[in-house]
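What follows is a set of notes on a single structure, which appears directly below.
The values are calculated or read from the model by the stated rules, or taken from the named source; none is laboratory data. What you see is a predicted model; the values in this text were computed from it and never measured. Cβ placement follows ideal geometry from the backbone for every residue including glycine, while neighbour counts extend to all protein chains displayed. Keep in mind that these areas ignore ligands, DNA and RNA; they rest on the heavy atoms of the full protein, side chains included. Shrake-Rupley method; radii C 1.70, N 1.55, O 1.52, S 1.80 Å.
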Amino acid sequence: MKKVITGNKATAYGVKVCRPKVIAAYPITPQTTIVEYIADFIADGSLESKFVKVESEHSAMAACIAAQNTGVRTFTATSAHGLALMHEMLHWAAAARTPVVMVNANRAMGPPWSIWADHLDSISQRDTGWIQTYCENSQEILDTIIMSYKIAENRKVMLPALLNEDAFYLTHTAEAVDIPDQELVDEFLPDFEPRYKIDTEEPFGFGSLVMPDNYYEFRYNIARAMEASKELTREAVQEFAELFGRDYHGLIEEYRTDDAEFILMGMGTLVSTARDAIDELRDEGHKVGLVKVRSFRPFPLEEMRDLASRIKSIAIMERVYAFGNRGPLFNEVCGAVYNSGHRPFLKNYIIGIGGRDVRVQDVKNVYLDLLKETEGADDGIPEEELNWYGLVGPGGD
Amino acid sequence: MIQIRFHGRGGQGAQIASRLLADAAFLEGKDVQSYPFFGVERRGAPVTAFTKIDSRPIRDKSMIYEPDFVVVMDPSLITAIDVTAGLKPEGMILVNADTLPEEIMQVLGDAKVVLVDASAIATAHGLGSKENPIVNTAILGAFARLSKVVGLDAVKQAIDQNVPRKVDKNKDAAIEAWTLVEEKEGSE
């Protein structure tokens, strides 16, 4: 059934059809309406779940981990400073192998205080062991919640999953969204049945001390699980497409990259806007395509190497800067392609920080700059590797 | 793509008007997007909301810079912000007002301006108070008739499906505004 709803309402519907047994959350703009809508579903009886009101995001994550340990599916949502406050528990959720699914409304970190779209909040949680996916529209959030439970709860994975939606561009924007039938979701998503859970009949220890003889292998197992999630994601996306008729392609999605010499790459809603830019550029005769990075963790290493083997030049656009060394996605792409034996021209564009609007013309300007740089560089190395796109003035001292 | 920008003040219902218009167009088979620009939300502060309507899927997530239509829900905004910014040459401005002084009309420049007293209609139907009428459904009815972007049936259905309270009064306000514009056009 198609309805015009906001990204936050689409998120709530996505959660509802996955039937988590426990939801623990603390309000923060612009996430708050997600858990309000879920609370409505619980109140009207359409979702059977326990809603735990907590005093902080740290406690929200702790409650989800504890509930997961008893063998039930959980959900929470947060944003920016809320996600930052969870940081300790994010490590715990991953290392305790509790497949919590969480939606983060990507919002800028203060100060200066801001509630608008920015990826610094989630990128800062890169190394916690969470699967991280970025969505470009409300339908994708809803569908990715369903797929995320399936991937995260697979016994080869058992890792938590963080889904990201841009503040306001998705959270508060109403679009037509198809809400899938419960029967179809039940067919796609099996019940959560962890191998180990808190059970008084069959006691286990959880989170105990281990000596250096063993800790190392616990970490190796997380790395292995994250690797395993790549193939499971590719499979889940395919199965989802067959059942629901919507294809999310895998860890990345390529758009009009056939015969492309240039590609623009990004994450989140700017990818959606970039599709219009690519269509216009194609109409103007440019050989340019688009790559959406859906999965930031695990990183699509193989896909990046494949792109490197056939693409001349790549613009990496990011709504975040990793202070001290370039944008994080740029660094990841550089790292991925270095040992591939191929060397595309890579340039980093920082764009849309703190909700600065990204228009179709901005994306076209990025391409035109990339084209100029690529053609001007005789040694394949950009003169300017980093571009802070659209700065309106220099900063003060 | 048809792009509509709403200017209102916090509490007037600009965001809801933008949503209801999107809902109505969706009911007529169009793809839609409705997006409020959130500033510092407080009663009385300027609020901007956007509606995009197209027969093709809408992918551009940016705000509206070159609207086909501008809806001004409070005429005092005309001297506070540039409501005409980026308006297409053939564009139209709908203002919630009975009359506007000449100097205000001059601010609006060459654009085609249409005045509808949505506040009076809302007040007559008991929507909000006399000091703070909630004009979203009245202005939507007037806008639908003026712009021909959506039909009256779709507007009524959108109100039915999405307005939580005073559904009939809201529908009546929309119908009255629609009819008023129709009569105005007939007399011209």
| message | Cross-link candidates for A:Lys372: which lysines have Cα within less than 29 Å, leaving aside residues fewer than 8 places away along the same chain? | response | A:Lys287, A:Lys292, A:Lys312, A:Lys347, A:Lys364, B:Lys61
| note | Quarter of the surface of the C-alpha convex hull for region A:96-241, i.e. direction-averaged projected area in nm², equals 11.6
| remark: Helix-only [θ] at 222 nm, chain A, -39500 (n - 2.57) per DSSP H run of 4+, per residue, nearest 500, equals -13000 deg cm²/dmol
| Among A:293-299, A:131-137, A:59-65, how do they line up from the highest to the lowest mean number of other beta-carbon atoms within 10 Å? | A:131-137, A:59-65, A:293-299
| query | Any idea what the dipole of region B:2-187 comes to, in debye rounded to 20, about its Cα centre with Lys/Arg Cβ at +1 and Asp/Glu Cβ at -1? | reply | 640
| Considering only the other residues whose Cβ falls under 15 Å of the Cβ of A:Leu301, what net charge follows from Lys and Arg at +1 and Asp and Glu at -1? | +1
| For B:62-70, what's the mean count of beta carbons from other chains sitting within 10 Å of each residue's beta carbon? | 2
| request: Would you kindly calculate the translational diffusion coefficient of region B:126-178, applying Stokes-Einstein with the Kirkwood radius from alpha carbon pairs, for 10 °C and a viscosity of 1.306 mPa s, and quote it in µm² s⁻¹ without decimals? | output: 145
| request: Percent of Cα-Cα pairs per 5 Å bin, from 0 to the last occupied bin, for region A:83-139, please list those. | output: 4, 16, 28, 24, 15, 10, 3, 0
| field | Candidates per GluC sites (Glu not before Pro) in region A:174-223, loop by DSSP, up to 11 other Cβ within 10 Å | value | A:Glu201
| task | Return the carbon/sulfur percentage of the accessible area of chain B, one whole number, probe 1.4 Å, all protein chains in place. | result | 50
| Residue by residue through region A:3-20, which ³J(HN,Hα) values in whole Hz follow from phi under the Karplus form 6.51 cos²θ - 1.76 cosθ + 1.60 (θ = phi - 60°), with glycine and proline marked x? | 9, 8, 9, 6, x, 5, 6, 4, 4, 4, 5, x, 5, 4, 6, 8, 6, x
| query | Counting partner chain Cβ atoms within 10 Å of every residue's Cβ in B:26-36, what's the average? | reply | 4
| field | Coil-residue trypsin sites (Lys or Arg not before Pro) of region B:1-103, DSSP, other Cβ within 10 Å capped at 11 | value | B:Arg42, B:Arg43
| What is the Rg over Rh value, at two decimals, for region A:2-151, using alpha-carbon atoms and the Kirkwood definition of Rh? | 0.93
| message | Can you give me the accessible area per residue for the protein assembly as shown, using a 1.4 Å probe, in Å²? | response | 43
| remark: With +1 at each Lys and Arg Cβ and -1 at each Asp and Glu Cβ, the charge dipole magnitude of chain A around its Cα centre, to the nearest 20 debye, comes out at 660
| message | Which three extents, in angstrom, do the Cα atoms of region B:1-78 have along their principal axes, listed largest first? | response | 35, 23, 20
| query | Quick one: with all protein chains in place, what share of the accessible area of region A:320-397 is carbon or sulfur, to the nearest percent (1.4 Å probe)? | reply | 48
| remark: Note, region A:129-135: 3J(HN,Hα) by Karplus (6.51, -1.76, 1.60, θ = phi - 60°), whole Hz, Gly/Pro = x, goes x, 8, 5, 10, 10, 10, 10
| query | Which percent, nearest 5, of DSSP beta bridges in chain B are antiparallel? | reply | 55
| note | Within the under-13-Å Cβ sphere about A:Met61, not counting A:Met61, Lys/Arg +1 and Asp/Glu -1 give a net charge of -3
| query | Taking every DSSP beta bridge that has both residues in chain A, what percent is antiparallel when rounded to the nearest 5? | reply | 20
| note | Gyration tensor on Cα atoms of region A:252-388, a ≥ b ≥ c root eigenvalues, a/c under 1.5 rounded, else prolate if a/b beats b/c, else oblate, says rounded
| request: Please turn the phi angles of region A:65-73 into ³J(HN,Hα) values with the Karplus equation 6.51 cos²θ - 1.76 cosθ + 1.60 (θ = phi - 60°), one per residue in order, whole Hz, x for glycine and proline. | output: 4, 4, 5, 4, 4, 7, x, 10, 6
| Using the Cβ atoms and a cut-off under 14 Å, what net charge is assigned to the surroundings of A:Pro27, where Lys and Arg are +1 and Asp and Glu are -1? | -1
| query | Cα-based count: Lys pairs in region A:2-244 below 14 Å, eight or more positions apart or different chains? | reply | 4
| On the first, second and third principal axes, largest extent first, how far apart are the outermost C-alpha atoms of chain A in Å? | 71, 53, 51
| message | Treating only the Cβ of Lys, Arg, Asp and Glu as charged (+1, +1, -1, -1), what charge dipole size does region A:253-396 show about its Cα centre? Round to the nearest 20 debye. | response | 460
| request: Work out the charge dipole of region A:1-64 with +1 on the Cβ of Lys and Arg and -1 on the Cβ of Asp and Glu about the Cα centre, then indicate which of A:Tyr13, A:Ala39, A:Pro27 is farthest towards its positive end. | output: A:Tyr13
| note | Check: in region B:112-188 the Lys pairs 8 or more apart or on separate chains whose Cα atoms fall under 17 Å apart number 9
| Farthest positive-ward along region A:160-306 dipole, Cα basis, beta-carbon charges - from A:Leu243, A:Met265, A:Leu170 | A:Met265
| note | In whole angstrom, the spacing between the Cα centers of region B:1-59 and region A:253-330 equals 30
| query | How large is log10 I(q)/I(0) at q = 0.10, 0.13, 0.14 Å⁻¹ when the Debye formula is applied to the Cα atoms of chain B, each weighted equally and without solvent? | reply | -0.34, -0.60, -0.70
| query | Which Cα, out of B:Gln3, B:Thr99, B:Gln157, lies furthest along the positive dipole direction of region B:2-187 (beta carbon charges, K/R +1, D/E -1)? | reply | B:Gln157
